[in-house]
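The values are calculated or read from the model by the stated rules, or taken from the named source; none is laboratory data. Not measured: the values here are computed from a predicted model. Heads up, the Cβs are rebuilt from the backbone with ideal geometry, glycines too, and the neighbour counts pull from every protein chain shown.
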Amino acid sequence: MKKISALVLSAIIMFNIFSVQRTANAEALDTGTGGMFIHLTEYDYNSEERELILYTRASNVSSYVITGIESVYMHITKSDDKSLIGDVFFDTVDLGEALNPGDYTYLTFIVTDVEDIDVKSFITADVSTTYYVGEKVNLPAGIKVYVKGQLIQYDVSPEIINNRTMVPLRLTVEALGRTVDWIEATRTAIISTGDDWVEFVVGRDVANTSSGEIYKLDSPMIQKNYRTLVPLRALSTAVGCGVVWGADNKIIIIEN
């Protein structure tokens, strides 16, 4: 069994006015490399006990089975003035079951003796992890997209176009448990979950939603070689999913 020290990453969360309050999900983050990626998703702050409870998601973007965690270090500061909230070292972390490449799990960390946090202050946590790996997995070539630990089997490979990862529309949407209706006359895809929907149009750089919110797209949906390709991060954000990208092994995890 091999021990590896993981990279240092950042995540941003926001505190609210109540003594115990959970935030919305943090934005999707880019690991920039391979390994284990831990990022903050939400928190509770108990002012009576002066406890900061950090809820995190740990993702495996390596080519190994991750079998355990030896330690996690967090450097927690306020984003606005960079003042230190705490340097915290956790030397007992229960990963639970081993993580295969493309899989993720949830971990909770409790930080004690935390002073009251100002209303609406942003928090940055730099996280580094030392973890154990088992066997190396023979991964397929190219970009690999995982949902709930399962590799999506595309008939057309994802590709990077204009620095954006483009994926086949229908197979991705169905892997996320959503439905898609295609309107050929306007080259429009309507992706729905119950009464909620988001609308992508080929060549258009915005996506409309049932809530009235409009998403600005860095890259529009396109058609290429008789396939409709959609920008993965924009699609995931629009349907409420997070995205983790591990560049070294070209692993993308959609956190559904």
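Being of a type in the set (S, T, N, Q), touching a helix residue (DSSP H, G or I) at 6+ places or on another chain (Cβ under 6 Å) and closer than 29 Å to VAL65 by Cα, is that true of even one residue in region 160-169? Yes, because at least one residue in region 160-169 is of a type in the set (S, T, N, Q), touching a helix residue (DSSP H, G or I) at 6+ places or on another chain (Cβ under 6 Å) and closer than 29 Å to VAL65 by Cα.
Let's see how each residue does on (1) among the hydroxyl-bearing types (Ser, Thr, Tyr); (2) over 16 Å from the mean Cα position of the chain (by Cα); (3) surrounded by 13 or more Cβ atoms within 10 Å (Cβ to Cβ):
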{"site": "LYS144", "(1), (2), (3)": "no, no, yes"}
{"site": "PRO168", "(1), (2), (3)": "no, yes, yes"}
{"site": "LEU171", "(1), (2), (3)": "no, yes, yes"}
{"site": "LEU176", "(1), (2), (3)": "no, no, yes"}
{"site": "ASP196", "(1), (2), (3)": "no, yes, yes"}
{"site": "GLU199", "(1), (2), (3)": "no, yes, yes"}
{"site": "SER211", "(1), (2), (3)": "yes, yes, no"}
{"site": "ALA234", "(1), (2), (3)": "no, no, yes"}
{"site": "VAL243", "(1), (2), (3)": "no, no, yes"}
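Listed conditions (1) outside any strand (DSSP E or B); (2) surrounded by fewer than 16 Cβ atoms within 10 Å (Cβ to Cβ); (3) at pLDDT below 95 are all met by ILE117, apart from (2). Of the residues making up region 186-233, those that are in a loop (DSSP other than H, G, I, E, B) and either farther than 17 Å from ARG164 by Cα or out of contact with any helix residue (DSSP H, G or I) (no Cβ under 8 Å at 6 or more places or on another chain) (or both) number 15. Go over the candidates ASP91, ASP81, ASP87 one by one and state the one that is free of Cβ contacts under 8 Å to residues at least 24 places away in the same chain, in contact with a His (Cβ under 8 Å, 6 or more places away or on another chain), within 30 Å of LEU52 (Cα to Cα) and surrounded by fewer than 16 Cβ atoms within 10 Å (Cβ to Cβ). Going through ASP91, ASP81, ASP87 in turn, the sole match is ASP87.
The C-beta contact set for region 192-220 (first residue more than 12 Å from LEU235 (Cα to Cα), second residue loosely packed, with under 13 Cβ neighbours inside 10 Å and not hydrophobic (A, V, I, L, M, F, W, C), distance under 6 angstrom, 6+ apart or interchain) comprises VAL202/GLN223.
Need pairs with beta-carbon distance below 7 Å; first residue closer than 21 Å to ARG204 by Cβ and within region 235-252, second β-branched (Val, Ile, Thr) and outside any strand (DSSP E or B); sequence gap 6+ or separate chains. The qualifying pairs are LEU235/THR172.
Listed conditions (1) free of Cβ contacts under 8 Å to residues at least 12 places away in the same chain; (2) within 20 Å of the chain's Cα centre (by Cα) are all met by ALA185, apart from (2).
So is VAL72 crowded, with 16+ Cβ neighbours inside 10 Å and over 19 Å from ASP126 (Cα atoms) or not? Spelling it out, it is not the case that VAL72 is crowded, with 16+ Cβ neighbours inside 10 Å and over 19 Å from ASP126 (Cα atoms). If I filter region 105-114 down to residues being part of a loop (DSSP other than H, G, I, E, B) and of a type outside the set (Asp, Glu), which single residue comes out as modelled with the lowest pLDDT? The extreme case among them is VAL114. Any residue that is buried (at least 19 other Cβ atoms within 10 Å of the Cβ), within 23 Å of the chain's Cα centre (by Cα) and more than 30 Å from GLU49 (Cβ to Cβ) - is there at least one of those in region 123-138? For region 123-138, residues buried (at least 19 other Cβ atoms within 10 Å of the Cβ), within 23 Å of the chain's Cα centre (by Cα) and more than 30 Å from GLU49 (Cβ to Cβ): present.
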